[in-house]
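Here's the structure, in structure tokens; my notes come after.
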Amino acid sequence: MTSAISTGGLGELICNEHFMREGYRVFTASHGSSPIDLVIVNQHGVRLIQVKKDGQRTNPDRNKYFRIYRKRSDLQKQLCVAIVYVNPDK
């Protein structure tokens, strides 16, 4: 579990830096189990972001990898939260 937490934290830091370079002001969630990881703001408005590690898996009897897509919760849909996938290895 520690590795998942540190990987998630790394993904949030990467995402944070990316949006800051794009000219956004970035605010982080106050606790770990929030439906929102980042609130980003620029002159065009406010966006709510959930950061997820970009993962892949293979289906049985296949060799091709497929991206693991995660569904937004009902609350995230109501709040218009966008999911941003981050690959910490790239």
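The values are calculated or read from the model by the stated rules, or taken from the named source; none is laboratory data. These figures come from a predicted structure and were not determined experimentally. Note: ideal-geometry Cβ built from the backbone for every residue, glycine included; neighbour counts use all protein chains shown. Heads up: the accessible areas ignore ligands, DNA and RNA and are worked out on the full protein's heavy atoms, side chains in. Shrake-Rupley method; radii C 1.70, N 1.55, O 1.52, S 1.80 Å.
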Neighbourhood net charge (13 Å Cβ-Cβ; Lys/Arg +1, Asp/Glu -1) for Cys80: +2
Total formal charge among the other residues, if their Cβ is under 14 angstrom from that of Gly11, Lys/Arg +1 and Asp/Glu -1: -1
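Ranked by accessible surface with a 1.4 Å probe, highest first, in what order do Asp74, Asp54, Asp89, Asp37 come? Numbers along the way, then the final one.
On the way: Asp74 115, Asp54 40, Asp89 140, Asp37 15 Å².
Sorted descending by solvent-accessible area, the residues read Asp89, Asp74, Asp54, Asp37.
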